[in-house]
1. Restrict the check to segment 186-198 and report whether at least one residue is buried (at least 20 other Cβ atoms within 10 Å of the Cβ) and out of contact with any Leu (no Cβ under 7 Å at 6 or more places or on another chain).
2. Could you go through segment 22-29 and let me know if any residue there is within 22 Å of ASN112 (Cβ to Cβ), surrounded by 15 or more Cβ atoms within 10 Å (Cβ to Cβ), within 14 Å of the ligand (Cβ to nearest atom) and not charged (D, E, K, R).
3. VAL158 versus (1) within 15 Å of the ligand (Cβ to nearest atom); (2) among the β-branched types (Val, Ile, Thr); (3) out of contact with any Lys or Arg (no Cβ under 9 Å at 6 or more places or on another chain); (4) over 23 Å from VAL40 (Cα atoms): which is the lone unmet condition?
4. Listed residues GLU34, GLU98, GLU41; which is within 13 Å of the ligand (Cβ to nearest atom) and more than 29 Å from ALA130 (Cβ to Cβ)?
5. Restricting attention to segment 56-86, which residues are farther than 11 Å from PHE27 by Cα, part of a helix (DSSP H, G or I), within 12 Å of the ligand (Cβ to nearest atom) and hydrophobic (A, V, I, L, M, F, W, C)?
6. Name the helices (runs of 4 or more DSSP H) wholly within segment 162-263 that hold at least 2 residues that are under 19 Å from the mean Cα position of the chain (by Cα)?
7. Taking only segment 211-239 into account, find how many residues are more than 16 Å from LEU15 (Cα to Cα) and aromatic (Phe, Trp, Tyr).
8. Does PHE119 fit the bill of being outside any loop (DSSP other than H, G, I, E, B), over 15 Å from ILE188 (Cα atoms) and touching a helix residue (DSSP H, G or I) at 6+ places or on another chain (Cβ under 9 Å)?
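Every number here is computed from the coordinates shown, using simple stated rules; none is lab data. Fair warning: this is a prediction, and the values are worked out from it, not measured in the lab. Heads up, the Cβs are rebuilt from the backbone with ideal geometry, glycines too, and the neighbour counts pull from every protein chain shown.
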Amino acid sequence: MSSIEKVQNEYPEDLCTLLEAAYGKGFLSEGGTEAIDRLVEGFGLKDKKILEIGSGMGGAALHLVQKFKALVTGVEINQPMVDEANKRVPQSLKRRLEFVYYNDINHLPFGNESFDFAFSKGVLLHLDVADKLSLFREIFRVLRPEARVIIGDWLSPVHGCWGKRMREVAELDNLSLFANTEEDYREIARQSGFKLISIDDDNEVYAKYNRDIADYLQNPETRKRLKGKFAEERIQAESDSYRVLSDAIREKELLIRRIVFGK
Ligand SMILES: C[S@@+](CC[C@H](N)C(=O)[O-])C[C@H]1O[C@@H](n2cnc3c(N)ncnc32)[C@H](O)[C@@H]1O
């Protein structure tokens with residue numbers, strides 16, 4: 001099975017429902033709109049063309065269009081997510097926002113120099129270094145000169161090896177996550193033609209996001225709302241796992257980074 005097929009199978013509908021319940025409508029990663037604002041802070045996005053890699057259920061893209069007046073195309077390897085995200089786009093925004101399926105990291109379905117920005121949050125840890133490099137070469141091709149790439153990703157301090165807590169979390173949701181480092185990103189920038197502009201540490205806020213999600217899933221009101229859909233034990237296990245994640249982040253076993261590349 002290719003790495004793309006494997007990741008497609010790792011996001012079944014019930015996991016997406018549970019993740020949206022934890023993160024907010026449209027989001028499959030933590031922090032909601034506040035986390036998106038942190039990532040794009042300082043960039044003028046009005047009427048800029050943004051390519052979002054791994055757009056999931058479309059929450060980030062919708063926010064970038066609604067709040068920052070950007071034009072966004074999201075690409076996803078998961079067809080059901082693309083269909084659902086497109087269904088949720090309000091009629092009035094159809095000309096500014098669309099979601100597109102692709103399944104080849106060696107070929108993004110766009111012409112050369114089509115976008116001003118690439119954006120990706122909580123996605124690239126699904127790709128090993130070789131696949132990241134192939135994808136970044138493609139991103140380089142579809143970006144205009146002077147364009148920026150804005151990434152939110154989970155990194156490890158050690159290449160190829162997660163700490164104990166991260167292994168536990170990946171196992172619970174059956175996710176294959178690659179332990180890449182800041183140095184890996186420097187190398188990917190060098191080899192794909194980008195300049196690495198900055199790497200910022202976001203651990204403190206993400207430790208809090210994950211602790212808040214653990215508390216939210218523990219709350220009796222949330223339990224009541226999710227009761228018909230998920231077994232109590234599953235919600236408890238997810239809540240525990242967000243607490244483990246929060247500890248992993250606080251103790252720097254997991255590094256949450258905002259990375260900016262320039263063309
Ligand atoms: C944790 S979710 C994050 C989704 C979205 N960025 C968000 O923050 O809500 C990871 C997403 O990455 C997608 N994905 C994994 N590998 C990908 C790839 N090579 N290209 C595009 N999307 C990918 C998955 O299908 C999934 O939707």
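1. Taking every residue of segment 186-198 in turn, at least one turns out to be buried (at least 20 other Cβ atoms within 10 Å of the Cβ) and out of contact with any Leu (no Cβ under 7 Å at 6 or more places or on another chain).
2. Taking segment 22-29 as the starting set, the residues that turn out to be within 22 Å of ASN112 (Cβ to Cβ) are none.
No: segment 22-29 contains no residue that is within 22 Å of ASN112 (Cβ to Cβ), surrounded by 15 or more Cβ atoms within 10 Å (Cβ to Cβ), within 14 Å of the ligand (Cβ to nearest atom) and not charged (D, E, K, R).
3. Exception for VAL158: condition (1).
4. Numbers: GLU98 fails: within 13 Å of the ligand (Cβ to nearest atom); GLU41 fails: within 13 Å of the ligand (Cβ to nearest atom).
Residue meeting the stated conditions: GLU34.
5. Start the filter on segment 56-86 by keeping residues that are farther than 11 Å from PHE27 by Cα, which leaves 64-84, 86.
Okay, now just the ones that are also part of a helix (DSSP H, G or I), so 64-68, 79-84, 86.
Subsequent filtering for residues that are within 12 Å of the ligand (Cβ to nearest atom) retains 64, 79-82, 84.
Those that are farther than 11 Å from PHE27 by Cα, part of a helix (DSSP H, G or I), within 12 Å of the ligand (Cβ to nearest atom) and hydrophobic (A, V, I, L, M, F, W, C): LEU64, MET81, VAL82.
6. Hits in segment 162-263: 164-172, 182-192, 203-218, 232-250.
7. Within segment 211-239, residues that are more than 16 Å from LEU15 (Cα to Cα) and aromatic (Phe, Trp, Tyr) number 1.
8. Numbers: outside any loop (DSSP other than H, G, I, E, B): yes; over 15 Å from ILE188 (Cα atoms): yes; touching a helix residue (DSSP H, G or I) at 6+ places or on another chain (Cβ under 9 Å): yes.
Yes.
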